[in-house]
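Asker: I'd like to ask you about the structure that follows.
A short reminder: the numbers here are calculations on the coordinates, not readings from a lab. Computed from a prediction, not measured in an experiment: that's the story for all the values here. Cβ atoms come from the backbone with ideal geometry, glycine included; neighbour counts cover every protein chain shown.
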Amino acid sequence: MKHIRKKNEPEKLRVYRQTTDGASYDGLPGDTKRELNLALLKDQGFLCAYCMKPLAPKSKDVEGDVLSGVFDNKITIEHIYPRALCQTQMQHRQLDYKNLVAVCDGNSEGEFHCDKTQGPQGKASGQVSLACLDPTDAKMSENLLTYLLDGTICAKSGRHESCANHDLNTVLNLNHPVLQRNRKAVFDVVKTSLEGEMPKGTWNQQLFDRQIERWKNLTSDKYGVRRYKPYCMAALDFLEKLKNSPKYQ
């Protein structure tokens, strides 16, 4: 999970919320929802807010840095604090930009994750809030989490460890085998890249710093769309551990 640095909310969302009696998420006009979708994707560097899978539009058309095409219907606008609860308990949050993120289709090999996680304590129930994780808060997302060499995502030791692991495994199912395998594959990509620059026995701090910069920053794809690399936080965690290991001090 990567911290999402929210920018200003889309103008059409603000105008709709402030000028429409009984404004609701279900009542969003199509052009307003489309502008919202684009803003969320750009804020997130075109990664799923929960699992960091890449999110892609169908269209290859780009106008400046604004994507002009039709979005992939597998992309969902998700309410961090559940939409169903917003409608009954905290109505103002259903159109609160800070409560909205873009997520993937949540389906990998027929098993669900992210906002589609099944079960009475899964996010798909519409009645379950995250106990402590919040992708819009660095302290409660990327700073709280670490990754094991087998691709497992888990909470760091501390007072939030139990509730964060509950969110990861029960509410969001982020250790789904496909996601775990994808993160482990990223470690292999990182190692191959390191070895491509320097033989393993000669790795140093400068090499790690160069790699960290590559995984930390947005890069432009061939269509000019600015993206983060999929599962970038797993790669960064792996690199930071290498950099800080006694072997390379």
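Asker: Please report, in debye to the nearest 20, how large the charge dipole of the range 115-235 is about its Cα centre when each Lys and Arg carries +1 at its beta carbon and each Asp and Glu carries -1 there.
Answerer: 240 debye
Asker: At 7 Å along Cα-to-Cβ for each site, give me the label-to-label distance between LYS216 and LEU148 in nm.
Answerer: Distance between label points: 2.8 nm.
Asker: Among GLN206, GLN94, GLN127, whose mean-square fluctuation peaks in a Gaussian network model of the chain (Cα, cutoff 10 Å)?
Answerer: Evaluated over the chain, the most mobile residue of the options is GLN206.
Asker: Something else now. Is the shape of the range 159-249 rounded, prolate or oblate, going by the alpha carbon gyration tensor and its root eigenvalues a ≥ b ≥ c, with a/c under 1.5 for rounded and a/b larger than b/c for prolate?
Answerer: Note, shape of the range 159-249 comes out oblate.
Asker: In debye, nearest 20, what is the charge dipole magnitude of the chain about its Cα centre with +1 on Lys and Arg Cβ and -1 on Asp and Glu Cβ, if you could check?
Answerer: Charge dipole, the chain, about its Cα centre: 480 debye, nearest 20.
Asker: Mind checking the angle between helix 30-43 and the chain's longest principal axis? C-alpha axes, 0 to 90 degrees, to the nearest 10.
Answerer: 20 degrees
Asker: Considering Cα pairs under 8 angstrom that are at least six residues apart, work out the relative contact order of the chain and quote it in whole percent.
Answerer: 20 percent
Asker: Give LYS6/LYS247; LYS42/LYS139; LYS139/LYS241 a once-over and call out the pairs whose C-alpha atoms are over 29 Å from each other.
Answerer: LYS6/LYS247
Asker: Straight-line reach from LYS222: which aspartates and glutamates have Cα under 17 Å away, leaving out those fewer than 8 places along the same chain?
Answerer: ASP61, GLU63, ASP65
Asker: Hey, fewest Cβ within 10 Å first, where do SER141, SER157, SER220 land in order?
Answerer: SER157, SER220, SER141
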